[in-house]
Amino acid sequence: MPNKLLPPSGPGRPKDLVKRQAILDAAKSLFLSQGYDGSSMDAIAAEAGVSKLTVYSHFTDKETLFSAAVKAKCEEQLPELLFELAPGMPIETLLLNIGRGFNTLINSRESVELHRMMVTLATQNPKLSQMFYEAGPQRLLNEMERLLHKADQAGQLRIADLPSAADQFFCLIKGGANFRLLIGCADPQQGEAAEQHVQDAVSVFVRAYRPD
């Protein structure tokens, strides 16, 4: 079986981790191009250049692999370390970095195709929808809640309802622009327009929660 995506492990890269990454890359590609039902574990194994047994040794079933692929996609653009508030760092600086990363994520082709696929699957596979939400959106909300709690403790913001504030932040970034993109009425935000959109959203959010 030819290795399509499997790169050389190289020094310092355990072979199992390289295989795992190749499987995730293959899964992300096939889930988006073939849909969830159209992507078999056999096809993913062939695309990754590994055996089917290797796929199952890393991911017990297709649902688990799908969840891991969604999480990996989010972590590419918004790693957990991005949500760390360093001592002395203005909260605006960190929120701008998160906003830029999130805006880039939701405007990416992969994200748009994935969201459209999940809307199609919503009534067919509620369990899969729940797995998608927990692996992607819920993880980001949890990270944001922890960040806002630290900002509140540091006196940079005053927030009584952390879950609502976290949700509001991401909704401000998405806005109507992302909805228009999802339904095919607009192109992705880019360049200065994207930067201005993020700056405006962060400015509104910080003004709403700035201590009196």
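The values are calculated or read from the model by the stated rules, or taken from the named source; none is laboratory data. Keep in mind that this is a model prediction, so the values were computed, not measured. For neighbour counting, all protein chains shown are included, and Cβ atoms are generated from backbone atoms with ideal geometry for every residue, glycine included.
Data overview
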item	result
Top-ranked residue of the range 121-138 - restricted to ones that are part of a helix (DSSP H, G or I) and touching a residue at least 60 places away in the same chain (Cβ under 8 Å), ranked as nearest to the chain's Cα centre (by Cα)	Ala135
Test: residue in the range 69-87 that is small (Gly, Ala, Ser) and surrounded by 14 or more Cβ atoms within 10 Å (Cβ to Cβ)	yes
So Arg100, is it in contact with a helix residue (DSSP H, G or I) (Cβ under 6 Å, 6 or more places away or on another chain) and in a helix (DSSP H, G or I)	yes
Which numbered condition Ile159 misses (of (1) touching a residue at least 24 places away in the same chain (Cβ under 8 Å); (2) part of a helix (DSSP H, G or I); (3) more than 16 Å from Thr93 (Cα to Cα))	(2)
Members of the range 42-71 that are β-branched (Val, Ile, Thr) and in contact with a Leu (Cβ under 9 Å, 6 or more places away or on another chain)	Ile44, Val50, Val55, Val70
Lone unmet requirement of (1) in a loop (DSSP other than H, G, I, E, B); (2) farther than 22 Å from Ala208 by Cβ for Arg180	(1)
Candidates Leu82, Leu141, filtered to the one that is assigned to a helix (DSSP H, G or I), modelled with pLDDT under 85 and over 22 Å from Ser39 (Cβ atoms)	Leu82
Number of the condition not met by Leu94 [criteria: (1) surrounded by fewer than 15 Cβ atoms within 10 Å (Cβ to Cβ); (2) modelled with pLDDT of 90 or more; (3) part of a helix (DSSP H, G or I)]	(1)
Conditions (1) buried (at least 20 other Cβ atoms within 10 Å of the Cβ); (2) at pLDDT 90 or above; number of the one not met by Phe31	(2)
Flag for Leu172 being part of a helix (DSSP H, G or I), within 17 Å of the chain's Cα centre (by Cα) and not small (Gly, Ala, Ser)	yes
Residues satisfying the stated conditions in the range 15-29, i.e. touching a Phe, Trp or Tyr at 6+ places or on another chain (Cβ under 8 Å) and either more than 12 Å from Lys73 (Cα to Cα) or without any contact (Cβ under 8 Å) to a residue 40 or more places away in the chain (or both)	Ile23
Residue check for Glu110: acidic (Asp, Glu) and within 15 Å of the chain's Cα centre (by Cα)	yes
Filter result for the condition that a residue is surrounded by 18 or more Cβ atoms within 10 Å (Cβ to Cβ), charged (D, E, K, R) and out of contact with any Asp or Glu (no Cβ under 9 Å at 6 or more places or on another chain), over Asp200, Asp152, Asp161, Asp187	Asp152
Count of the range 27-77 residues which are on the phi < 0 side of the Ramachandran plot and in a loop (DSSP other than H, G, I, E, B)	10
